[in-house]
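Visitor: I am attaching a structure below and will ask some questions about it afterwards.
Taken together, the values in this text are just the output of simple stated rules run on the coordinates, not laboratory data. The structure displayed is predicted, hence computed values, not measured ones. For neighbour counting, all protein chains shown are included, and Cβ atoms are generated from backbone atoms with ideal geometry for every residue, glycine included.
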Amino acid sequence: MFEDLSLHILDIVENSIRAEAKNIKIKITENLEKDLLSIEIEDDGKGMNEEMVKKVLDPFVTTKSGHKVGLGLPFLAQASKMANGNIFIKSKPGKGTKITAVFQHSHIDRQPLGDIKETLMTLIIGNPEVNFIFTYRRNGKKYHLDTKKLSKNNLKNLLNNLNKIFENFPREVKNE
Amino acid sequence: MPKLKLEDLQKIKEKVRRETVLREGAGKAKITVHMGTCGIAAGARKIMSVILEEIEKRDVKDIIVTTSGCAGLCSREPMITVELLGKAPVKYVDLTEDKMRRIFEEHVLNGKIVKEYMLAIGSERVD
Ligand SMILES: Nc1ncnc2c1ncn2[C@@H]1O[C@H](COP(=O)(O)OP(=O)(O)O)[C@@H](O)[C@H]1O
Ligand SMILES: [Mg+2]
């Protein structure tokens, strides 16, 4: 089990990357009025068939060689259910996958967001061939990051540019 | 011969591109951080941050940092692979932030393998 939501997000997006996604959208919405927190991860990877979608929340399934159990999605399902929420999976072979996890924002067992910035830096630097679109909404305010607009030729410049972009993000996603 | 699909071709292209980048000196070192579920749970993301910090701190231009899936050695995570141009890849296991800083300094920058932290040769298949 992971201790915060940013680690769940990293793990769930790694599934998308393994499914050969080229475009991955990550949306986090905090709505204090409705007492909701939602995380949405949408990819254009190879997708899953209906049978797989049903099985994937059962922690005794995986298609990867050498491993008998897949734990990532069951972990996220558990984290959301602990906080009076739920997980939804929509997927189509050849089209892509959308994972949505919702949480009761104020629930005592709702895990903290954690270091979303560190998760995004790891994903963006580690997978330069993938486009990431990150949207964070909190109480009507919207923050946006689209890596398509960034040059990835030089690692140091990319790090610099990402750090600059994150300066405009609120501290809730930076664990500061 | 089985027909090649477009995605196969794209995969091959991507593989060739990555290898060319390493060969042509755009990268004289490649660090791969294993970012599977076990790796993440064991702290692989922090290891990645340490590498990025070191790169920002120093004047290094020719290092490639990438991530990969589970390496099948869950009990030895966090784990990285360091590959210097023209040399065999070296796997490091049971990493901490301090070990990572030392590997960066000694192996990645100065080409000297840190033997104490290396995965013993032949133990790759142990699960
Ligand atoms: N975004 C995705 N696209 C395609 N297949 C997926 C995706 N996410 C999960 N899967 C499938 O579900 C399986 C289980 O995922 P998960 O619970 O994270 O465990 P693991 O990654 O260890 O196998 C994966 O091995 C994969 O076959
Ligand atoms: Mg997974």
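Visitor: According to the Cα gyration tensor, what semi-axes, each the square root of 5 times an eigenvalue, does the equivalent ellipsoid of chain A have, listed from largest to smallest in whole Å?
Guide: On the way: eigenvalues 126, 96, 37 Å².
Those come to 25, 22, 14 Å.
Visitor: Let me ask something else about it. Mind checking which of A:Glu40, A:Glu30, A:Glu129 has the largest fluctuation in a GNM of chain A, springs on alpha carbons under 10 Å?
Guide: Largest GNM mean-square fluctuation: A:Glu129.
Visitor: Moving on. When a/c reaches 1.5 or more, the comparison of a/b and b/c decides; with that in mind, is the stretch A:110-151 rounded, prolate or oblate per its Cα gyration tensor? Show your work: numbers first, answer last.
Guide: Values: a/c = 3.36, a/b = 1.42, b/c = 2.37.
Since a/c reaches 1.5 but b/c is at least a/b, the shape of the stretch A:110-151 is classed as oblate.
Visitor: Which whole-Hz couplings ³J(HN,Hα) result when phi for each residue of the stretch A:70-79 is put into the Karplus expression 6.51 cos²θ - 1.76 cosθ + 1.60, θ = phi - 60°, listed in order with x for Gly and Pro?
Guide: Coupling constants for the stretch A:70-79: x, 10, x, 5, x, 4, 5, 4, 5, 4 Hz.
Visitor: Related question: Can you list which of the trypsin sites (Lys or Arg not before Pro) found in the stretch A:84-115 are DSSP loop residues with at most 13 other C-beta atoms within 10 Å? Walk me through the numbers on the way to the answer.
Guide: Working: sites: A:Lys90, A:Lys95, A:Lys98, A:Arg110; in loops: A:Lys95, A:Arg110.
Taking the stretch A:84-115 and a limit of 13 other Cβ atoms within 10 Å, the loop trypsin sites (Lys or Arg not before Pro) found are A:Lys95.
Visitor: Something else about it: Between A:Asn23, A:Asn154, A:Asn131, where does the largest GNM mean-square fluctuation fall for chain A, given springs only between Cα atoms within less than 10 Å?
Guide: A:Asn154
Visitor: While we're looking at this one, here's another question. Average partner chain C-beta neighbours within 10 Å, per residue of A:1-8? Provide the component values of the computation, followed by the final result.
Guide: On the way: counts 1, 3, 1, 0, 0, 1, 6, 1.
Average neighbour count from other chains, rounded to a whole number: 2.
Visitor: Pop out the ³J(HN,Hα) list for the stretch A:37-49 in order, Karplus 6.51 cos²θ - 1.76 cosθ + 1.60 with θ = phi - 60°, rounded to Hz; leave Gly and Pro as x.
Guide: Those phi angles translate into 10, 10, 10, 10, 10, 10, 10, 10, x, 6, x, 9, 7 Hz.
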